[in-house]
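The values are calculated or read from the model by the stated rules, or taken from the named source; none is laboratory data. What you are looking at is a predicted structure, and each value in this text was computed from that prediction instead of being measured. As a convention, Cβ positions derive from the backbone with ideal geometry for all residues, glycine included, and neighbour counts pool all protein chains shown.
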Amino acid sequence: MKQTPTTLSVPAPAKLNLFLHITNQRSDGYHELQTIFQFIDLSDTLEFTLTDTDEIRVTQQNAHSTSEIIEEKDNLIYKAATALLPYRQAPQGIRIKYEKRIPSGAGLGGGSSDAATTLLVLNELWQCQQSLEQLRAIGLKLGADVPVFVNGTAAFAEGVGEHLTPVSPNTPWYVVIKPNAHISTAEIFSHPDLTRNTPTLKISAALEHGGHNDCENVVRALYSEVDQALKWLAKFSPSKLTGTGACVFAEFPTESEALAVAQQYADSTAIFVAKGMNDNPAHRVLQELTF
Ligand SMILES: C[C@@](CO)(OP(=O)(O)O)[C@H](O)COP(=O)(O)OP(=O)(O)OC[C@H]1O[C@@H](n2ccc(N)nc2=O)[C@H](O)[C@@H]1O
Ligand SMILES: Nc1ncnc2c1ncn2[C@@H]1O[C@H](COP(=O)(O)OP(=O)(O)O)[C@@H](O)[C@H]1O
């Protein structure tokens, strides 16, 4: 049996919304959705080290490589660690260094995944003894996408993303384009032209036929870069938006077909190939350790 190392390195994968329907707007303004979340093998890496001080310290290892610098206390990693403090049984602080590879604010859920990995790891390191259900509830307060990463399996999600039914969609290769646009979720959800009453789907229909992304029309109209990326990708395979964007994706049966398409894109820094995954690799890493 393996022992827990002093420093623990754990991945935080990105997600795609394979479709996203908006079925209702609640009286508090929030929108009820139906979506399928699947993970992809593009991940941030979080490195956890217990310390003898009482502090939570969060630092980015590759700050130079991302356009957005996140203040420590605004970071979802810091917020997730703070949310677990009331349950901490171990008298130790934590230093978390993270390496970002998932573009931020891109509909790939990177911040949410970082938060979920933090909850899962600190629950063990700090002996918080919270069940997955309790961690999902803590995560939901940090963002609607956090519970699916905590749960750890691809899921059909309803409500604002908290009602999760595990599913196993196909795991193709994806080509993902990151158009040069930073889209605020709030801007899209408050837009008057947004489709807000798509009929609800049964889970079997969602798995068999999929669906479209109800945010796509509004995002395309506001951001020509997204519109152009969707059109370019659609020449090869049907293209879709993930979340509220800005990333768009299309599926391919093999890695070589996906790579052949990606190589034709003019800006090689704004396109990547990733494999669909139905399990969050953070869970696998934690299961291999003894706490
Ligand atoms: C739409 C999704 C699908 O995965 O995508 P992305 O953020 O990944 O693009 C998520 O549910 C996003 O959830 P979350 O990340 O929690 O949204 P936030 O940024 O906190 O939301 C910003 C604002 O958008 C509105 N909002 C958000 C989610 C929702 N289901 N209905 C809403 O009306 C609310 O006004 C909220 O204050
Ligand atoms: N660790 C983090 N990684 C990415 N974004 C973060 C993080 N902590 C806070 N944020 C904030 O959350 C916002 C949404 O990030 P993210 O979850 O990556 O995108 P999206 O919600 O579009 O999928 C970012 O614009 C950023 O300001």
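The figures follow:
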quantity: Failed item, numbered, when Ser184 is tested on (1) surrounded by fewer than 16 Cβ atoms within 10 Å (Cβ to Cβ); (2) under 22 Å from the mean Cα position of the chain (by Cα); (3) more than 16 Å from ligand 2 (Cβ to nearest atom); (4) polar (S, T, N, Q); calculated: (3)
quantity: Subset tally (residues that are touching a residue at least 60 places away in the same chain (Cβ under 8 Å) and not in a loop (DSSP other than H, G, I, E, B)) for the range 214-258; calculated: 10
quantity: From the options Val285, Val261, residue that is under 21 Å from Pro169 (Cβ atoms), in a helix (DSSP H, G or I) and aliphatic (A, V, I, L, M); calculated: Val261
quantity: Residues located in the range 15-61, provided they are within 14 Å of ligand 2 (Cβ to nearest atom) and not in a strand (DSSP E or B); calculated: Gln61
quantity: Residue check, Asn24 within 14 Å of ligand 1 (Cβ to nearest atom) and either more than 20 Å from the chain's Cα centre (by Cα) or free of Cβ contacts under 8 Å to residues at least 12 places away in the same chain (or both); calculated: yes
quantity: Selection status of Thr45, in contact with a strand residue (DSSP E or B) (Cβ under 9 Å, 6 or more places away or on another chain), within 16 Å of ligand 1 (Cβ to nearest atom), under 30 Å from Tyr174 (Cβ atoms) and not charged (D, E, K, R); calculated: no
quantity: Residue count for the range 153-172, restricted to those that are crowded, with 21+ Cβ neighbours inside 10 Å and outside any strand (DSSP E or B); calculated: 2
quantity: Selected residue [under 24 Å from Ser184 (Cα atoms), surrounded by fewer than 23 Cβ atoms within 10 Å (Cβ to Cβ), touching a residue at least 24 places away in the same chain (Cβ under 8 Å) and among the β-branched types (Val, Ile, Thr)] from Ile70, Ile40; calculated: Ile70
quantity: Search result, residues across the range 155-168 that are in contact with a Phe, Trp or Tyr (Cβ under 9 Å, 6 or more places away or on another chain) and either aromatic (Phe, Trp, Tyr) or more than 13 Å from ligand 1 (Cβ to nearest atom) (or both); calculated: Phe156, Thr165, Pro166, Val167
quantity: Residues within the range 199-213 that are charged (D, E, K, R) and not in a helix (DSSP H, G or I), tallied; calculated: 1
quantity: Conditions (1) surrounded by 21 or more Cβ atoms within 10 Å (Cβ to Cβ); (2) within 29 Å of Val167 (Cα to Cα): number failed by Val58; calculated: (2)
quantity: Condition broken by Arg196, with the remaining ones in (1) surrounded by fewer than 13 Cβ atoms within 10 Å (Cβ to Cβ); (2) in a loop (DSSP other than H, G, I, E, B); (3) charged (D, E, K, R) satisfied; calculated: (1)
quantity: Test for His191: is it touching a residue at least 24 places away in the same chain (Cβ under 8 Å), more than 15 Å from the chain's Cα centre (by Cα) and either within 15 Å of ligand 1 (Cβ to nearest atom) or closer than 22 Å to Phe249 by Cβ (or both); calculated: yes
quantity: Out of Ile102, Ile96, sole residue that is over 22 Å from His21 (Cβ atoms), at pLDDT 95 or above, within 12 Å of ligand 2 (Cβ to nearest atom) and in a loop (DSSP other than H, G, I, E, B); calculated: Ile102
quantity: Set Ala250, Ala206: member being touching a helix residue (DSSP H, G or I) at 6+ places or on another chain (Cβ under 8 Å), of a type in the set (Gly, Ala, Ser) and closer than 29 Å to Val160 by Cα; calculated: Ala250
quantity: Every pair of residues 6+ apart whose Cβ atoms lie under 6 Å, when the first sits in the range 142-155 and is over 12 Å from Gln38 (Cα atoms) while the second is charged (D, E, K, R) and within 11 Å of ligand 1 (Cβ to nearest atom); calculated: Pro147/Glu162
